[in-house]
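Reading through the structure tokens given below for one structure.
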Number of protein chains: 2
Amino acid sequence: MERIIELFKERNIRVTPQRVGVMQTLYPSQEHLTVEGIHAKVKPQFPNISLATVYTILELFKEKKLVREIRVRFDRSLYESRVDPHHHFHCTQCGQTYDVDIDLCPTLKKQRIDGHSINDFHGYFYGICRSCRKEKQC
Amino acid sequence: MERIIELFKERNIRVTPQRVGVMQTLYPSQEHLTVEGIHAKVKPQFPNISLATVYTILELFKEKKLVREIRVRFDRSLYESRVDPHHHFHCTQCGQTYDVDIDLCPTLKKQRIDGHSINDFHGYFYGICRSCRKEKQC
DNA sequence: AGCTTGCACAAGAATCATTATCATCTAAAA
DNA sequence: TTTTAGATGATAATGATTCTTGTGCAAGCT
């Protein structure tokens, strides 16, 4: 809570209860949440909060590098508060998303590829997750 | 044309003029097209073709591994006929998408990460493309 | 070449994520 | 406290994608 307000101030983000509430759903957990999911999580605390507000807040957080939007799923975005470089695995069976902490070696260090200047890189892995694989064996 | 019919037969895809038309917009070019774009391209040849039909056909092609859907842009999907492993660069300025033929080394060869079994991997790069960089310097 | 049959297509409606609008309200600087 | 730029909530709008259904056609079989 204190930490969140600190993060806002550092970035010149006006502190409002709704923004703190949204940030609390993502930080410091390492969950990946949909906008719907975030909305549902803050609803008990702010029964009137609008879905549009959640979208607006997330857009702001994204600009200020407080959260990252990931598009490992084709049908909707997920949000997470981990903003350091890492990648994602998406289970095509259960739909769960996992962090992937692998250094995709030399490429990441490059500033240029084919003359394009790289600002960001994101790797998406698809397959069957460990817990779905276990279930199958039963 | 002949090649496309061959590809269909190999995969037990019933040959229809619309399917051939859609495939011709993507093969053997290396363009990345939106569904709208594909629809616009086949329209002259099939003035009555429905957008829903294009979606259905692309879904089939994807299942049969004739095309790949890429989600380098968050707002809509792109389709391409290159199905061999490669990655994509998206220019955040002009919106253009480029192929990236880089081997993201050891990772790709792995079958497993953190116990998850990997079927597919896709790297997305974001930044300013070479032609946008040139323009800036003028 | 003419049946037959299951699948494909067109048209349009429906759905669902996301964005825009705007009137009201509030955080925080003076 | 007052002021005011900016934030929120309600709701409409947008735009991509999916669903539905009646009609039409590909291709295997006579």
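A few remarks follow.
- Residue in region B:60-74 that is more than 18 Å from residue B:16 (Cα to Cα), more than 11 Å from DNA strand D (Cβ to nearest atom), surrounded by 14 or more Cβ atoms within 10 Å (Cβ to Cβ) and of a type in the set (Val, Ile, Thr) present: yes
- Within the option set A:44, A:85, being assigned to a loop (DSSP other than H, G, I, E, B) and either in the same structural domain as residue A:103 (by TED's automatic domain parsing) or within 28 Å of residue B:123 (Cβ to Cβ) (or both) holds for one residue only, A:85.
- Complete set of residues in region A:45-88 that are within 11 Å of the chain's Cα centre (by Cα) and aromatic (Phe, Trp, Tyr): A:61, A:79
- Comparison of B:18, B:30, B:24, B:45 shows that the only residue that is free of Cβ contacts under 8 Å to residues at least 24 places away in the same chain and not charged (D, E, K, R) is B:24.
- Residue in region B:104-114 that is β-branched (Val, Ile, Thr) and over 12 Å from the mean Cα position of the chain (by Cα) present: yes
- So residue B:16, is it out of contact with any strand residue (DSSP E or B) (no Cβ under 6 Å at 6 or more places or on another chain), within 14 Å of residue B:66 (Cα to Cα) and at pLDDT 95 or above: no
- Residue in region A:107-122 that is within 9 Å of chain B (Cβ to nearest Cβ), surrounded by fewer than 17 Cβ atoms within 10 Å (Cβ to Cβ), of a type in the set (Gly, Ala, Ser) and part of a helix (DSSP H, G or I) present: no
- Residues that are within 13 Å of DNA strand C (Cβ to nearest atom) and within 23 Å of residue A:68 (Cβ to Cβ) within region A:35-49 comprise A:35, A:36, A:37, A:38, A:39, A:40, A:49, listed in sequence order.
- Taken over region A:75-94, the criterion of being within 19 Å of residue B:72 (Cα to Cα) and either without any contact (Cβ under 8 Å) to a residue 40 or more places away in the chain or within 16 Å of DNA strand D (Cβ to nearest atom) (or both) is satisfied by A:75, A:76, A:77, A:79, A:83, A:85, A:86, A:87, A:90, A:92.
The values are calculated or read from the model by the stated rules, or taken from the named source; none is laboratory data. Worth saying up front: this structure is predicted, and the values here are computed from it rather than measured. Every residue, glycine among them, receives a Cβ derived from its backbone with ideal geometry; neighbour counts consider all protein chains shown.
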